[in-house]
Amino acid sequence: MEHMVGKSGFLERNIHIIFPLPALFFVFLLMIFPVGYTLFLSFSDWILTSGRPMRFVGFQSYVKVLNEPRFMMAVWRTLVFTFGVVIVEAILGIIIALILHREFRGKGLLKVLLLLPLVVTPVAIGITFSLFYDPMIGFLNYVLSVMGLPTSAWVRDASTVLPSLMLVDIWQWTPMIALIVLAGLSSLSSEPFESARVDGANGVQTFFRITLPMITPTVLTAIVLRLVDALKTYDIIFAMTGGGPGYSSETLNILAYKYNFQYTDFGPGSGMLVFLFLIVLIFSLGVMQVRKRFEL
């Protein structure tokens, strides 16, 4: 009996530690361990198909990454893709949120339609847009030809493949920013707007002097979420182009995938993922610092 009481007392005293343990275990299993193992592989020389055992080589894999001509081009494409889509999505998301913040017939239906791109799987979107962009049977070239405008090869042309992929990302993720900003607009107090109306401010003045400063923290939160996700974009690009034609749509994630799973060269491939992790971390912390300044 005393033994059971002792056990019960132990559980009560340490319940704040015992209850989170399963969650902490899964966080370690699903997040910390993969990151740590990737970091470990980045200091190794391990080509799976060579038959040689894994060797610890220090920073040699990182030197190999930095000497890879495709690496810097992949970093550049990743940054162009990310900032291109995030800027356009933020602007369009704010405009859509402002429209939805007003009362009009069909507003509820429009909100439901906005959710559709977010619930469709990326691979299905990639396949659908591949058909949409097809130079021969694609709907987009058909519309352009009917209008008498020049057609394009879209994702099959090195000069247009990246903008074409960016349009797909903008179509899919603009609604997410719009819904986050709409939630921020709904939480604003009406008093500043009533005061501005009394003072004779027009809609443009009200937006830039009151609305935009008040929703800036919300917009920056949405930008952080999209920035992290856009930097890691893989599925859409892989489903539509696989990094082609040639290397013209090869982002850092695609290049790391090729090194790890096509060339089975895990050292440089893991090093590229470490660089990607650092890029995501730096830009995320930068945006969050800007957000803190607006909250003060």
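The values are calculated or read from the model by the stated rules, or taken from the named source; none is laboratory data. These numbers come from a predicted model, not from an experiment. As a convention, Cβ positions derive from the backbone with ideal geometry for all residues, glycine included, and neighbour counts pool all protein chains shown.
For this structure, a couple of remarks:
- Filtered residue count, segment 185-194, keeping only those that are free of Cβ contacts under 8 Å to residues at least 40 places away in the same chain and either surrounded by 12 or more Cβ atoms within 10 Å (Cβ to Cβ) or not assigned by TED's automatic domain parsing to the domain that holds Thr218 (or both): 3
- Of all residue pairs spaced 6 or more apart or on separate chains, those with beta-carbon atoms under 9 Å, a first member in segment 200-223 that is over 18 Å from Met288 (Cβ atoms) and a second member that is of a type in the set (D, E, K, R) and modelled with pLDDT under 90 are Ala201/Arg209; Thr206/Arg197.
- Among residues that are in contact with a helix residue (DSSP H, G or I) (Cβ under 8 Å, 6 or more places away or on another chain), in a helix (DSSP H, G or I), of a type in the set (A, V, I, L, M) and surrounded by 12 or more Cβ atoms within 10 Å (Cβ to Cβ), Val80 is included.
- Residue in segment 241-260 that is of a type in the set (Gly, Ala, Ser) and over 21 Å from the mean Cα position of the chain (by Cα) present: yes
- Top-ranked residue in segment 223-244 [being more than 11 Å from Ser284 (Cα to Cα) and hydrophobic (A, V, I, L, M, F, W, C); ranked as surrounded by the most Cβ atoms within 10 Å (Cβ to Cβ)]: Ile237
- Tally of residues being assigned to a helix (DSSP H, G or I) and either more than 13 Å from Leu98 (Cα to Cα) or acidic (Asp, Glu) (or both) across segment 179-209: 10
- Of all residues in segment 146-178 being β-branched (Val, Ile, Thr) and part of a helix (DSSP H, G or I), the one that is surrounded by the fewest Cβ atoms within 10 Å (Cβ to Cβ): Val146
- Flag if Thr211 is under 30 Å from Glu250 (Cα atoms), of a type in the set (Ser, Thr, Tyr), modelled with pLDDT under 90 and surrounded by 15 or more Cβ atoms within 10 Å (Cβ to Cβ): no
- Single match in Ile137, Ile99 (criterion: part of a loop (DSSP other than H, G, I, E, B) and farther than 19 Å from Leu220 by Cα): Ile137
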